[in-house]
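Enquirer: Below you will find the structure I want to go over with you.
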Amino acid sequence: MISSEETVKSVCGWDYLESSPGKPAVPAMIKADGTKKFAEDPFFPETEALEFLSSKFIDLSILIMPPCSIATINAIAEKALDLKDLFVVDSNAVRLDIWKSFSAEINPALKVHIVQLPPDPVAAESLIKKELRDCSVDLFLGQSSLYVPTRFRRLDPETASLITNSVLNVQKEVCSMAVHRTVISWKDSINELMNCRSNAEVWEAPSLVPENTDIVVTGAGPSLDENVKDLKKNSGKSLIIATDGSLQTLIDNNLIPDFVVSMEGRSASWRLMSNCLTALSSVPLVLPLSSNHVVPRHYPGKIIFAKKTGVHSRWQQELEAGLPEYAGGLCVGHLACHFAESLKPRRIILAGFDLAFTGGKYHSEKMQTKYFNDPVHRGVGIEVESCSGTLVASSDSLNFYRKYFEEWAPSCKAELINASGPHGARIHGVKNGILDSLLVENALLQKLSLCPNRAFSLKDRRALLAELEKGIAAIRKTLLEIKAAIPVISPDRIVNPLKELPLDSSAFSLLCSCSNNLLMNAFSAVLRTYKPEKFQKYIEYLSMLTDDFICGTDLLLSFFSISSGGRKFSDNALMLIPQDFSHEAVIPDSLKDAVSVSADSPLPEIWNAIDAHDISWLIAFNGEVIPDSWTVPEIRCMDIKTEFQPKQMEYSLWMPEYKIACCASDIYSKWKAFVSRDVDCRLLEDNFRLWWNQPQATS
């Protein structure tokens, strides 16, 4: 193998050469002594590529590769009939220019994209992401492939590594986002619908801060434990925008932020502030409309709902009218920084943004959620450069967050400074600073005032929600008709019965947000490239997608019914019985005749049972329940514990109106020591009737 140093010294140039007359032209390295090193097999260059890609030909639509022989490319195109885009990627400009002169011979059906990578890995990955942004569906459906010939890897290992790492990192990020859209999207939609139902007054964010104001955005990294000392020393000299994870550290140091920002759509966001609420009554909370609906319902201060920049479905565009728009980024820290930027400060200063496992820790000592304090769960797997120039352990997710800052920094309208300290990850392109030195000369600031958001009308929102419910009911009726007609579709009379749905309506866009995004795209891909040999796959995808849409209508219609309000408190209970669990011996006599369903029941089935039987208590056993089961209908949940076996995500259950009832004193002592201090944990036999008779808290 030729080393990188040897290559630089001995290479005279690159060319496309034939190994012998009649053989394909192949990229070749010309050494100073006149010898040639071919970047592919000089006699049969296509053989390796065809073997490598053979299993992907039926669905391959995107191919990424360095400059290769035209024979290789055309042979692949002949086998991969759905191949539409070819990305030829290289950091060597000479090699790319030579390849261009041969590119006219490529199959004209292929759209060719020529991409010259910069040598810097961060910039190279950013460029690859930009070039592939219109191909995200193909990437997460597995319809793309990267091919780098073995000989090319040997001749130019640095370029081969640059191409491979850049493309694989982008694929990983796209797939991560695709999983979110498929698995989490329904939850975001339920949150948005619940938040739109809220009767609470919504406030406008200020448009700017006084001239020369500095804003400190606090993240929850380990360095916050040190940063907070400088913040306390310079209290009042900057506007503090706190991410929800940093709240406990600030409040324990008698620092009340000017704003709190939350973004998490799941249960964790409540845990991050549940023990801080009494100190936050004067602090506005900024959060997207898709954030965890429990948080704004129980938050004591003013609420500023926002919408995140990006592509919004039609139903979201209508409901979010009148809200300010901020780029959400990939985490709450990004959203907090974009909110800070909207206020037009002089400087945005990052504190507690380690973006790495500083000192083996993931978060500051006081962060509420225990799970997030355990790096074992976060997958330490990579090392990155620290602000001091050493290497520090990190993870894929933290690295994604760091790269986002690097991409955003050049366009930030305020000066962006990282004052998190020397041991966290370096954010390239962002100046480092010391927090005390940055703030010490600043003057004291006045508090900002807010105005109600009159444009976010509750009356208009309620009318839109009513229209959405009506539209979903109509779609469900059509879907049942489509499902009945699928068996009569034949290969020679292919139809797409889903065209009968109101595809441009707000109701259908809402349904899509609660359905399987990957399945929708897979069906579209089969339909777009249909051939008779794909008939069985077409029917399979159509059936699965129709069933998935019907399940989505079940979820939404049960949601509209259960969340409509007006439920009166009663003694009626619904028990969620785990599989192979004998509950009769542990429940009080008053629950013997309670309605029950399986703990594995779909959420719509649980909601429908709550609605039908006027339920006010949900009875779970050993954590076999999800928070939406009781938080959406706004009832109580009693989790009867017969053992001490905390689940990995146990903390997600610690929501308002959740109570732990332990069957024995030894079990009680263990759970009481384990749970957060705000979680109501008691012995079942001593406190069941006391709980049962308590009035329900109102939000």
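The values are calculated or read from the model by the stated rules, or taken from the named source; none is laboratory data. Everything quoted here is computed from the prediction, not taken from an experiment. We place every Cβ from the backbone using ideal geometry, glycine too, and count neighbours over all the protein chains shown. Accessible surface is based on the protein model in full, side chains and every heavy atom, while ligands, DNA and RNA are left aside. Shrake-Rupley method; radii C 1.70, N 1.55, O 1.52, S 1.80 Å.
Enquirer: How many residues does segment 333-357 hold that are outside any helix (DSSP H, G or I) and not aliphatic (A, V, I, L, M)?
Expert: At the first step, the residues of segment 333-357 found to be outside any helix (DSSP H, G or I) are 343-357.
Filter once more, keeping what is not aliphatic (A, V, I, L, M): 344-347, 352-354, 357.
So the answer is 8.
Enquirer: Still on this structure, I have one more. For segment 527-542, which positions are more than 30 Å from the chain's Cα centre (by Cα) and either in a helix (DSSP H, G or I) or crowded, with 19+ Cβ neighbours inside 10 Å (or both)?
Expert: Across segment 527-542, the qualifying residues are Pro532, Glu533, Lys534, Phe535, Gln536, Ile539.
Enquirer: Further question: Out of segment 584-599, which residues are open to solvent by less than 30 Å² (accessible area, probe 1.4 Å) and under 11 Å from Ala620 (Cα atoms)?
Expert: If the condition is that a residue be open to solvent by less than 30 Å² (accessible area, probe 1.4 Å) and under 11 Å from Ala620 (Cα atoms), then Ile587, Val597, Ala599 are the ones that fit.
Enquirer: Moving to a separate point now. Of (1) over 24 Å from the mean Cα position of the chain (by Cα); (2) surrounded by fewer than 17 Cβ atoms within 10 Å (Cβ to Cβ); (3) over 19 Å from Leu193 (Cβ atoms), Ser524 satisfies all except one. Which?
Expert: Just one mismatch for Ser524, condition (1).
Enquirer: When segment 406-432 is examined, which residues are found to be without any contact (Cβ under 8 Å) to a residue 24 or more places away in the chain and either in a helix (DSSP H, G or I) or at positive phi (or both)?
Expert: Listed by number, the residues that qualify are Ala409, Pro410, Ser411, Gly429.
Enquirer: Pairs please, first residue from segment 6-25 and open to solvent by 30 Å² or more (accessible area, probe 1.4 Å), second anywhere and part of a loop (DSSP other than H, G, I, E, B) and modelled with pLDDT under 60, Cβ atoms under 6 Å, 6+ apart in sequence or on different chains.
Expert: none
Enquirer: Is it true that Asp554 is more than 26 Å from Cys196 (Cβ to Cβ), among the charged types (D, E, K, R) and in contact (Cβ under 8 Å) with a residue 40 or more places away in the chain? Don't jump to the end; show me each part of the working.
Expert: Values: more than 26 Å from Cys196 (Cβ to Cβ): no; among the charged types (D, E, K, R): yes; in contact (Cβ under 8 Å) with a residue 40 or more places away in the chain: yes.
Considered against the rule, which asks whether it is more than 26 Å from Cys196 (Cβ to Cβ), among the charged types (D, E, K, R) and in contact (Cβ under 8 Å) with a residue 40 or more places away in the chain, Asp554 comes out as no.
Enquirer: Of the residues Ile30, Ile73, which is surrounded by 16 or more Cβ atoms within 10 Å (Cβ to Cβ), modelled with pLDDT of 85 or more and not basic (Lys, Arg)? Steps first, answer last, please.
Expert: Working: Ile30 fails: modelled with pLDDT of 85 or more.
Of Ile30, Ile73, the one residue that is surrounded by 16 or more Cβ atoms within 10 Å (Cβ to Cβ), modelled with pLDDT of 85 or more and not basic (Lys, Arg) is Ile73.
Enquirer: Output the number of residues of segment 192-211 satisfying the condition of being open to solvent by 10 Å² or more (accessible area, probe 1.4 Å), out of contact with any strand residue (DSSP E or B) (no Cβ under 9 Å at 6 or more places or on another chain) and more than 23 Å from Cys331 (Cβ to Cβ).
Expert: Counting residues in segment 192-211 that are open to solvent by 10 Å² or more (accessible area, probe 1.4 Å), out of contact with any strand residue (DSSP E or B) (no Cβ under 9 Å at 6 or more places or on another chain) and more than 23 Å from Cys331 (Cβ to Cβ) gives 7.
Enquirer: Would you pick out the residues in segment 467-502 that are touching a residue at least 60 places away in the same chain (Cβ under 8 Å) and either part of a loop (DSSP other than H, G, I, E, B) or over 31 Å from the mean Cα position of the chain (by Cα) (or both)?
Expert: Here is the first cut: in segment 467-502, the residues touching a residue at least 60 places away in the same chain (Cβ under 8 Å) are 468-469, 472-473, 475-476, 479-480, 482-483, 486.
Those that are touching a residue at least 60 places away in the same chain (Cβ under 8 Å) and either part of a loop (DSSP other than H, G, I, E, B) or over 31 Å from the mean Cα position of the chain (by Cα) (or both): Leu480, Ile482, Lys483, Ile486.
Enquirer: Let me ask something additional. Among the residues of segment 274-293, write down those that are of a type in the set (A, V, I, L, M, F, W, C), in contact with a helix residue (DSSP H, G or I) (Cβ under 6 Å, 6 or more places away or on another chain) and within 24 Å of Glu325 (Cβ to Cβ).
Expert: Pass one, segment 274-293, residues of a type in the set (A, V, I, L, M, F, W, C): 276-277, 279-280, 283, 285-287, 289.
Filter once more, keeping what is in contact with a helix residue (DSSP H, G or I) (Cβ under 6 Å, 6 or more places away or on another chain): 276, 279, 286, 289.
Hits for segment 274-293 are Val286, Leu289.
Enquirer: Only residues that are in a helix (DSSP H, G or I) and in contact with a strand residue (DSSP E or B) (Cβ under 7 Å, 6 or more places away or on another chain): list them for segment 26-69, please. Can you show your working first?
Expert: Taking segment 26-69 first, the residues in a helix (DSSP H, G or I) are 46-56.
Across segment 26-69, the qualifying residues are Leu53, Lys56.
Enquirer: Name the residue, out of Leu511, Leu438, Leu450, that is assigned to a helix (DSSP H, G or I), within 22 Å of Thr213 (Cα to Cα) and modelled with pLDDT under 95. If you could, list the steps in order and put the result at the bottom.
Expert: Working: Leu511 fails: within 22 Å of Thr213 (Cα to Cα); Leu450 fails: assigned to a helix (DSSP H, G or I).
Going through Leu511, Leu438, Leu450 in turn, just one is assigned to a helix (DSSP H, G or I), within 22 Å of Thr213 (Cα to Cα) and modelled with pLDDT under 95: Leu438.
Enquirer: Specify which of the listed residues (Leu464, Leu444) is modelled with pLDDT under 95 and either open to solvent by 80 Å² or more (accessible area, probe 1.4 Å) or not in a helix (DSSP H, G or I) (or both). Spell out how you get there, then give the answer.
Expert: Numbers: Leu464 fails: either open to solvent by 80 Å² or more (accessible area, probe 1.4 Å) or not in a helix (DSSP H, G or I) (or both).
Residue meeting the stated conditions: Leu444.
Enquirer: How many residues, within segment 342-379, are at pLDDT below 85, crowded, with 16+ Cβ neighbours inside 10 Å and hydrophobic (A, V, I, L, M, F, W, C)?
Expert: Going through segment 342-379 one residue at a time, the tally reaches 2.
Enquirer: When the residues of segment 600-622 are filtered to those that are of a type outside the set (A, V, I, L, M) and touching a helix residue (DSSP H, G or I) at 6+ places or on another chain (Cβ under 7 Å), which remaining residue is most open to solvent (accessible area, probe 1.4 Å)? Can you show your working first?
Expert: To start, the set of residues in segment 600-622 that are of a type outside the set (A, V, I, L, M) comprises 600-602, 604-605, 607-608, 611, 613-614, 616-617, 621-622.
Going one step further and asking which of them are touching a helix residue (DSSP H, G or I) at 6+ places or on another chain (Cβ under 7 Å), we end up with 604, 607-608, 611.
Values: Pro604: 21, Trp607: 1, Asn608: 81, Asp611: 61 Å².
Per the criteria, the residue is Asn608.
Enquirer: I'm trying to understand the selection: among the residues of segment 312-332, which are within 19 Å of Leu468 (Cβ to Cβ) and in a loop (DSSP other than H, G, I, E, B)? Full working, then the answer.
Expert: Kept after step one, since they are within 19 Å of Leu468 (Cβ to Cβ), are these residues of segment 312-332: 312-323.
His312, Ser313, Glu320, Ala321, Gly322, Leu323, listed by residue number.
Enquirer: Let me ask something else about it. Going through segment 667-699 one residue at a time, which ones are exposed (fewer than 13 other Cβ atoms within 10 Å of the Cβ) and at pLDDT 90 or above?
Expert: If the condition is that a residue be exposed (fewer than 13 other Cβ atoms within 10 Å of the Cβ) and at pLDDT 90 or above, then Ala673 is the only one that fits.
Enquirer: Hey, can you tell me all the residues within segment 634-666 that are open to solvent by less than 20 Å² (accessible area, probe 1.4 Å) and of a type in the set (Val, Ile, Thr)?
Expert: Selection gives Ile635, Ile640, Ile660.
Enquirer: Let me ask you something else. Find the residue count for segment 554-610, including only residues that are charged (D, E, K, R) and at pLDDT 90 or above.
Expert: We begin by selecting, within segment 554-610, every residue charged (D, E, K, R); these are 554, 567-568, 571, 580, 584, 589, 592-593, 600, 605.
Of the ones still in play, those that are also at pLDDT 90 or above are 554, 600, 605.
Of the residues in that region, 3 qualify.
Enquirer: Taking the residues in segment 77-97 that are β-branched (Val, Ile, Thr) and at pLDDT 90 or above as candidates, determine which candidate is nearest to Thr529 (Cα to Cα). Spell out the reasoning first.
Expert: Here is the first cut: in segment 77-97, the ones β-branched (Val, Ile, Thr) are 88-89, 94.
Within this subset, residues satisfying the condition of being at pLDDT 90 or above are 88-89.
Details: Val88: 24, Val89: 27 Å.
Checked segment 77-97; the qualifying residue nearest to Thr529 (Cα to Cα) is Val88.
Enquirer: Between a first residue in segment 29-51 that is more than 13 Å from Tyr16 (Cα to Cα) and a second residue that is in a strand (DSSP E or B) and modelled with pLDDT under 85, which pairs have beta carbons less than 6 Å apart while being 6 or more apart in sequence or on different chains?
Expert: Going by the 6 Å Cβ cut-off, the qualifying pairs are Ala32/Cys12.
Enquirer: Go through (1) open to solvent by 60 Å² or more (accessible area, probe 1.4 Å); (2) assigned to a helix (DSSP H, G or I) and name the single condition Phe549 misses.
Expert: That leaves (1) as the condition not met.
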